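Remarks on the structure that follows.
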Amino acid sequence: MGKVVACATVIGATAACAVATVLIHRYVKKSKRWGKAIAILKEFEEKCATPTLKLKQVADAMTVEMHAGLASDGGSKLKMLISFVDNLPTGNEEGLFYALDLGGTNFRVLRVQLGGKDGVVGQEFTEVSIPPNLMVGTSHELFDYIAAELSKFVNEESEDFKVPPGRKRELGFTFSFPVKQTSISSGDLINWTKGFKIDDAVGQDVVAELRKAIERQGLDMNITALVNDTVGTLAGGRHTNKDVIAAVILGTGTNAAYVESAQAIPKWHGDLPKSGEMVINMEWGNFRSSHLPLTEYDYSLDAESLNPGEQTFEKIISGMYLGEIVRRVLYKMAEEAWFFGETVPSKLKVPFILRTPDMSAMHHDSSADLNVVKTKLKEILEISDTSLEVRKVVVALCNIVATRGARLSAAGIVGILKKLGKDTITNGEGQKNVIAMDGGLYEHYTEYRKCLENTLKELLGEGVSDSVIVEHSNDGSGTGAALLAASHSFYLDG
Ligand code: ADP
Ligand code: MG
């Protein structure tokens, strides 16, 4: 009996020991995988690092490239395009004007009533999303679609909106892709960005294309100004605040524009404008420098994009790409460290499935058990049963990607301030330098915005940073285009 018991004990002990071995084995395997996942995260974090010194180098490189781009066409990856806007709104503009804002994900049609000193006295708009197939179709299809929406908007308006007899309606066209302007109301498309690729439009005058489409709709309208969203935002910002010197867009894509002294533009061969100033559209999304912290994920994202080798800055700081970078890192963790179990979740293989608004929602999740992260992973990537630890890693990853983007955009702004000599405290007591900022990323991604603002302070130091103000210019690009249509109206005296 005693023997049997002893034997059973031994067998029991052996079995228990075997179970323990399996468990330990699994545990070791699991912790090995966990360790590997954390190693991937850590390595990514190191490669994304943006210490102050690096950011200063990026800011300096931005300034250098600005000079090179102003010196000659093709002198830099920064196109530094001349906008032909040499008279920003004064605040005296009056009348009814329209704007059409084609930027990225959506386009907007606006009707703006300008009341002179009273500013914008009325404004209505409609927003329509661009069907993805039109982003890679033909120019005819895209412009017809836009013109049809414009036509609908105009035809549905009340009798109150009348232009004076003998005049046509006037439109400011915000077209936020690189354009070589030939006048304030004409310009040829250089290339597409932000997921658009309509080959037959490249090299064409986009105003002529729009005009033809408007005529096909039977609409009688003048296109008075062609601007991009940064130039529009600058104009809109300046209309309400005289201290606005630059505008930055952080939305689907990213770009910046600023007011330059006309004499500081060697490649400008026209007459010096009366104002002595010219707005430059930097097309800063195409900025590139050896100082940019790029990772294997950025290289593969770029290689697989519609515009490889282009828009390097945009691909690491703007809304179209941040979520996709997160997806790429998660994919590697899933594949090499079984981060989500023994198979790679199939949805995780789909490019651009994780959008930046979802990334931002996860990043901002303040619940103790990270419920938002849990839900997003389940709904978007069909990954269920995630542990709290896994969700914490996802948040950390979002933080790394957003932090790098926000800090680099702050460095870009410092580059502009340097170019203007406004990065030191020499420009007069009480002088304010205002950056008009717009775009869905800046507006909605709070952590990104906070990080950008803190980094500006860090880079400029206390005294100077008090003089630099980032002002959210809500929908400045549309209003700005309408204002520029007004300040360049066909019907202005003289
Ligand atoms: P566009 O740049 O297309 O003219 P917006 O300025 O409205 O349009 O920006 C839209 C972009 O802003 C989206 O593509 C997305 O990347 C980003 N975005 C929108 N909402 C959020 C959000 N809640 N959090 C983070 N990013 C957002
Ligand atoms: Mg926009």
message: Ranking request for peptides 183-194, 409-420, 34-45: highest mean number of other beta-carbon atoms within 10 Å first, then the rest in descending order.
response: 409-420, 183-194, 34-45
task: Give me the aspartates and glutamates in straight-line cross-link reach of Lys42: C-alpha distance below 19 Å, same-chain residues under 8 apart excluded.
output: Glu296, Asp298, Glu324, Glu335, Glu336, Glu389
- line: Lys and Arg at +1, Asp and Glu at -1: neighbours of Asn87 with Cβ under 10 Å from its Cβ sum to -1
task: Show the residues, 5+ positions off or on another chain, whose built amide H is closer than 5 Å to the amide H of Val468.
output: Asn433
- prompt: In the chain, what % of DSSP beta bridges are antiparallel (nearest 5)?
  reply: 60
field: Cα-Cα over 24 Å, subset of Lys349/Lys376; Lys32/Lys54; Lys347/Lys376
entry: Lys32/Lys54
task: Could you give the spread of the C-alpha atoms of the chain along their three principal axes, from largest to smallest, in whole angstroms?
output: 117, 53, 39
statement: Placing one equal point scatterer on each C-alpha of the stretch 328-402 and summing with Debye, one gets log10 I(q)/I(0) at q = 0.20 Å⁻¹ equal to -0.81
message: So for each of 219-230, 291-302 I average, over its residues, the number of other beta carbons within 10 Å; can you give me the resulting order with the highest mean first?
response: 219-230, 291-302
message: Once each part is reduced to its C-alpha centroid, what is the distance from the stretch 189-253 to the stretch 49-90 in angstrom?
response: 20
query: According to a simple spin-label model (label point 7 Å from Cα along Cα-to-Cβ), what is the distance in nm between Glu296 and Asp199?
result: 3.4
task: Leaving ligands, DNA and RNA out of it, report the carbon-plus-sulfur percent of the accessible area of the chain at a 1.4 Å probe.
output: 53
- prompt: Just the projected area, averaged over all directions, of the convex hull on the alpha carbon atoms of the stretch 221-295: how many nm²?
  reply: 8.0
message: Under 17 Å between alpha carbons, and skipping anything fewer than 8 positions from Lys29 in its own chain: which lysines qualify?
response: none
field: Pairs of lysines in the stretch 84-227 (C-alpha under 17 Å apart; 8 or more residues apart or interchain)
entry: 4
- prompt: For the peptides 470-480, 446-456, what is the packing order when you average, over each peptide's residues, the other Cβ atoms within 10 Å and list the highest mean first?
  reply: 470-480, 446-456
task: Report the calculated FRET efficiency for Glu336 and Asp60 (r = Cβ-Cβ distance, R0 = 41 Å), to the nearest 0.05.
output: 0.65
field: DSSP bridge pairs, the stretch 84-227: antiparallel proportion in percent, nearest 5
entry: 70
message: Quick check: Cα centre of the stretch 263-338 to Cα centre of the stretch 125-147, how many Å?
response: 24
- request: Pairs of Cα atoms under 8 Å, at least six residues apart: use those to get the relative contact order of the chain, whole percent.
  value: 22
task: With only Lys, Arg, Asp and Glu charged, each at its Cβ (+1 for the first two, -1 for the last two), find how big the charge dipole of the stretch 91-132 is about the Cα centre; round to the nearest 20 debye.
output: 60
FRET efficiency, Lys29 to Lys432 (Cβ-Cβ, R0 60 Å, nearest 0.05): 0.50
message: As an exercise, use a Förster radius of 56 Å and the Cβ-Cβ distance of Ser129 and Glu462 to find the FRET efficiency, rounded to the nearest 0.05.
response: 0.80
- prompt: Residues with amide H under 5 Å of Val227's amide H, sequence separation 5 or more or different chain, H placed in the peptide plane at 1.01 Å from N; which?
  reply: Phe173, Thr174, Phe175
- prompt: Under a 1.4 Å probe, what is the accessible area of the chain per residue, stated in Å²?
  reply: 44
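The values are calculated or read from the model by the stated rules, or taken from the named source; none is laboratory data. This one's a predicted model, so the numbers in the text were calculated from it and none came from an experiment. Counting neighbours? That spans all protein chains shown, and the Cβs are built from the backbone with ideal geometry, glycine included. Calculation scope for accessible area: heavy atoms of the full protein, side chains included, ligands and nucleic acids excluded. Shrake-Rupley method; radii C 1.70, N 1.55, O 1.52, S 1.80 Å.
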